[in-house]
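J.: Okay, handing you the structure first.
Since every read-out is calculated from the coordinates, none of them should be taken as a lab result. What you are looking at is a predicted structure, and each value in this text was computed from that prediction instead of being measured. Neighbour counts are summed over all protein chains in view; Cβ atoms, including those assigned to glycine, are modelled from backbone coordinates with ideal geometry.
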Amino acid sequence: MLKFDILKRNELARVGVIHTPHGDIKTPAFVGAATRATVKALTMKEMRELGSQAILANTYHLVLRPGVDLLKEAGGLAEFSSWHGPTFTDSGGFQIFSLPDVKISENGVKFKSYLDGSKFEMTPESSMQAQWAIGADIHMAFDHLAKSENYEDMKRAMERTHRWLDRCVEEHRRLVCATSTGDGDGRGPQNVLRSKNFGEGESPAGPVEKMQFLYAVVQGGTFLDLRAESARYCASKEVDGFGIGGVFTAEGMDEMLKTVNSILPEDKPRHLLGMGQEPIDLFVGAEYGCDTFDCVGPTRMARNGSLYTLDGRINIKNAKYTHDFTPLMEECDCECCKNYNKAYLHHLFKTDEITAKVLASIHNEHFVVTTVDRIREALLNDTFDEYKKEFLARYY
RNA sequence: GCUGGAGUCGUCUAGUGGCAAUGACAAGAGACUGUAAAUCUCUCGCGCUUCGAGCUUCGUAGGUUCGAGUCCUACCUCCAGCA
């Protein structure tokens, strides 16, 4: 079982450490979105320097390119990407929501490759197998993320997610056992892999033992009864942690998380899938018991010129920054803010230089990572409420 | 000087009798939440009571026509060739 130590609690909020085979994650933590085994515009060195503790890649994208066999050959996601830290993979379930022309059946989902339009099918089993081959530390169950906000549709998607979860758990167990016993018979003792234990701050040296963990994904949309039902179902399964999926806005998220996280077992980590573009997501998420976050928003917005400051987001491309020679954010100690000013960033964006996106991504990613790090400190120091109030009042 | 060609929104450009007038770029602004996103959307002659009508525009000045960026005349400028 994935080792998760809780150091401090404050109602639903908690401060902890997730011990993965590739190192520890001090939680709450923001996990960088590295969909195609890279955080867009950033090197892994830059990610380390800006303070990121973990990354999350996407099974769908990696299956299409470069393919799971290559990831396996490379020694896994961490080794392949030179990240060498904790890694997550998303299951591909989100693509049900985001891609056009998906055909969903009880067995699984047929997608079209975004690369060449070729047909491609993903099932709970194939997602588990792919994630196993990709070799991230933490895997997400293959879930059905409903496109509709309609109650009946949401309920159906949730129930399918639950049935698929059973298949994911079964397939994950089979893969764990096959690896641990080396004979692939699928009946070996799972606890062989669960015996290893890391202390805080301790990372394994040398080759990492194959040891991978599964999170169930809670669905149910905005309906609290469905969320509760989904949380109960996921909680009853033998999984290492939980993803909370299908969340798109901070509005109503507090009630939803209160419902879900009151039901989920306290001693397992919870990942709020896809949330963190807005700082309020991180505050509400942490306050109501989420341990990790991932979001493409910070880097996507960075590439589009929308940059975080403590006084809210600004569009650095706006004409008013042409002659602004002050740093993007005085209080920020990222590479971008320490060395460059707004007029220069403005110029880089207007001339469409690659560096514009690099520096902007460093800043935005650093901003969210640091914001969550400070939430952790504030929880430890019992100053969370003040920090939250102060931050949000200034930002919004 | 002669002959031929060309002058359209900041730039390049479409347009050969019914157009405030095409497309691209530039410019101005907005969006973006488990990434088909270094993407997408809007504005871009002027002012308004801004849905809608009005006014002024296609080198300049006249003319033909119900109607001209489009046809005619003159002039100006640029390009090419010849003197």
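J.: About the Cα centre, and with charges only on the beta carbon of Lys, Arg (+1) and Asp, Glu (-1), how big is the dipole of chain A? Nearest 20 debye, please.
T.: Values: 47 positive and 57 negative charges, 149 e Å.
The calculation lands at about 720 debye.
J.: Right, here's the next one. Which order, highest average first, do A:310-320, A:326-336 follow once you tally other Cβ atoms within 10 Å for each residue and take the mean per peptide?
T.: So the peptides A:310-320, A:326-336, ranked by packing, come out A:326-336, A:310-320.
J.: Once each part is reduced to its C-alpha centroid, what is the distance from segment A:326-349 to segment A:78-93 in angstrom?
T.: After rounding, the separation between the Cα centres reads 30 Å.
J.: Additional query: Please give the Cα centre distance for segment A:210-235 versus segment A:2-22, rounded to the nearest Å.
T.: Each part reduced to its Cα centre gives a spacing of 18 Å.
J.: Tell me the relative contact order for chain A as a rounded percent, counting alpha carbon contacts under 8 Å between residues six or more apart.
T.: After rounding, I find 18 percent.
J.: With a 10 Å radius around each residue's Cβ, average the other Cβ atoms per peptide and rank A:144-150, A:252-258, highest first. Display every interim value, and only then the final one.
T.: Numbers: A:144-150: 16.3, A:252-258: 18.4.
Most protected by this proxy first, the peptides run A:252-258, A:144-150.
J.: Same structure again: So how strong a dipole does segment A:306-395 carry about its Cα centre when Lys and Arg Cβ are +1 and Asp and Glu Cβ are -1, to the nearest 20 debye?
T.: Details: 12 positive and 15 negative charges, 87 e Å.
So the magnitude is around 420 debye.
J.: Net charge around A:LEU272, counting only other residues with Cβ within less than 10 Å of its Cβ (Lys, Arg = +1; Asp, Glu = -1)? Spell out each step's value before the answer.
T.: Values: positive: A:ARG270; negative: A:ASP281, A:ASP291, A:ASP294.
After counting each charged neighbour, the total is -2.
J.: In whole angstrom, how far apart do the alpha carbon centroids of segment A:249-313 and segment A:144-173 sit?
T.: 22
J.: Relative to the longest principal axis of chain A, what angle (0 to 90°, nearest 10) does the C-alpha long axis of helix A:384-395 take?
T.: Roughly 50 degrees, rounded to the nearest 10.
J.: In what order do A:LEU50, A:LEU272 fall by count of nearby beta-carbon atoms within 10 Å, going from fewest to most? Kindly include the intermediate steps, with their values, before the conclusion.
T.: On the way: A:LEU50 24, A:LEU272 29.
Listing A:LEU50, A:LEU272 from fewest to most nearby Cβ atoms yields A:LEU50, A:LEU272.
J.: For helix A:354-380, what angle does its Cα long axis make with the longest principal axis of chain A, in degrees from 0 to 90 and rounded to 10?
T.: Approximately 70 degrees, to the nearest ten.
J.: I've got another one for you. Order A:59-71, A:22-34 from most to least packed using the mean count of other Cβ atoms within 10 Å.
T.: On the way: A:59-71: 19.0, A:22-34: 24.8.
Top of the packing list down: A:22-34, A:59-71.
J.: Classify segment A:40-99 from the C-alpha gyration tensor, please: rounded if a/c falls under 1.5, else prolate or oblate depending on whether a/b exceeds b/c. Can you show the working numbers first?
T.: Numbers: a/c = 2.21, a/b = 1.35, b/c = 1.64.
Cα axes put segment A:40-99 in the oblate bin.
J.: Let me ask you something else. Using a 7 Å offset from the Cα along the Cα-to-Cβ direction at both A:ASP254 and A:ALA343, what is the distance between the two label points in nm, to one decimal?
T.: About 4.4 nm, to one decimal.
J.: Relative to the first principal axis of the alpha-carbon coordinates of chain A, what is the inclination of helix A:224-235, with its axis defined by its Cα atoms, in degrees from 0 to 90 and to the nearest 10?
T.: Approximately 60 degrees, to the nearest 10.
J.: Right, another one. Which one, A:CYS168, A:SER127, A:VAL247, projects farthest toward the positive side of the charge dipole computed for chain A from Cβ point charges (K/R +1, D/E -1)?
T.: A:SER127
J.: Which residue fluctuates the most in chain A, going by a Gaussian network model with Cα springs under 10 Å, if the choices are A:PHE111, A:PHE213, A:PHE293?
T.: Of A:PHE111, A:PHE213, A:PHE293, the most mobile in the Gaussian network model is A:PHE111.
J.: Calculate for chain A the 222 nm mean residue ellipticity that helices alone would give, adding -39,500 (n - 2.57) per DSSP H run of length 4 or more and normalising by residue count, nearest 500 deg cm²/dmol.
T.: Values: 15 runs with 163 residues, N = 396.
Roughly -12500 deg cm²/dmol at 222 nm, from the helical runs in chain A.
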